[in-house]
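Colleague: Got a structure for you, questions after.
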């Protein structure tokens, strides 16, 4: 079995959420297990009342870049949340909320989108990553 692709999703901007969802989808299609740990602003994006809305674009993007991203969405590019839902149907994709981030943001599991599988600590996440790749987004 291939080593898992582990993604630490720290950012809650639309472009970075999209990038992480595309990596997850690609790995799932290839049959690699995917583990995503949601921290801080990445976790906040998975609140049940938020993830259907478009998030802001990273400050790294110029106005032109933000407009191009908006045009892609208007042209039918799938939302990052839908890409992750599809990834979970394609393969082994597990999404966990960081326990410490849950405490800091004063969130309960019921506050999160149902695609979040549970709450996990850093040590458990790193142990499950094994010798696989870890991406920080």
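Bear in mind that the values in this text are calculations on the coordinates, not laboratory data. Here the structure is a predicted model, which means the values were calculated and not measured. Cβ: placed from backbone, ideal geometry, glycine included. Neighbour counts: every protein chain shown.
Colleague: What's the angle, to the nearest 10 degrees (0 to 90), between helix 14-29's Cα axis and the longest principal axis of the chain?
Modeller: Roughly 50 degrees between the two axes.
Colleague: Next question. At a Förster radius of 35 Å, what calculated FRET efficiency corresponds to the Cβ-Cβ distance of residue 29 and residue 108, to the nearest 0.05?
Modeller: Working from the Cβ atoms, E equals 0.60.
Colleague: Could you work out the relative contact order of the chain, using alpha carbon pairs under 8 angstrom and six or more residues apart, expressed as a whole percent?
Modeller: 40
Colleague: Just to confirm the number: angle between the C-alpha axis of helix 63-74 and the first principal axis of the chain, 0 to 90 degrees, nearest 10?
Modeller: 80
Colleague: Can you give the log10 of the normalised intensity I(q)/I(0) at q = 0.13, 0.16 Å⁻¹, computed with Debye over equal Cα scatterers of the chain?
Modeller: For the chain at q = 0.13, 0.16 Å⁻¹, log10 I(q)/I(0) is -0.53, -0.79.
Colleague: Continuing with this model, one more query. Highest first, please rank the peptides 91-103, 125-137, 36-48 by the mean number of other Cβ atoms sitting within 10 Å of their residues.
Modeller: 36-48, 91-103, 125-137
Colleague: In square nanometres and to one decimal, what's the mean projected area of the convex hull around the Cα atoms of segment 61-137?
Modeller: Approximately 7.3 nm², given one-decimal rounding.
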